[in-house]
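Here's the structure, in structure tokens; my notes come after.
The values are calculated or read from the model by the stated rules, or taken from the named source; none is laboratory data. Fair warning: this is a prediction, and the values are worked out from it, not measured in the lab. These accessible areas exclude ligands, DNA and RNA; they are computed on the full protein's heavy atoms, side chains included. Shrake-Rupley method; radii C 1.70, N 1.55, O 1.52, S 1.80 Å.
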Amino acid sequence: MKNYELVFVVKPNADEETKAAVLNKVKEVIATEGEVATVDTWGTKKLAYPIAKFTEGYYVLVNFKSGVDVPKEIDRNLKINENVIRHMIVVA
């Protein structure tokens, strides 16, 4: 199992339920073959450049351990989620 870091940015106008649903979906996918180490919610921050006409975003950092298939599944889920405007997964 490898250590990974995931940062994703949710639309700033999304309600709290939507933000929690995105995080819960990520946790569910990780739980299939790995474990969540830490979740750090950074909150709403200004973006370096506009993305889809948004100048702010709600940032969340998730550190986790898993096999190589889990990041692929997380990537697939976040790409199709309309509330996520950016995400990045790196090996820590």
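Considering only protein heavy atoms and a probe of 1.4 Å, how much of the accessible area of the chain is carbon and sulfur, as a whole percent?
Ligands and nucleic acids excluded, carbon and sulfur give 50 percent.
What are the ³J(HN,Hα) couplings of the stretch 68-75, residue after residue, when phi is run through the Karplus curve with 6.51, -1.76, 1.60 and θ = phi - 60°? Round to Hz, x for glycine and proline.
Listing the rounded values in order: 6, 7, 5, x, 5, 6, 4, 4 Hz.
Find the accessible area per residue for the stretch 1-89; the probe is 1.4 Å, ligands and nucleic acids are left out, and the unit is Å².
61 Å²
Here are several values of Cα Rg over 2.2 N^0.38 Å: (1) 2.25; (2) 1.04; (3) 0.95. Which one was derived from the coordinates shown?
Computing Cα Rg over 2.2 N^0.38 Å and matching it to (1) 2.25; (2) 1.04; (3) 0.95 gives (2).
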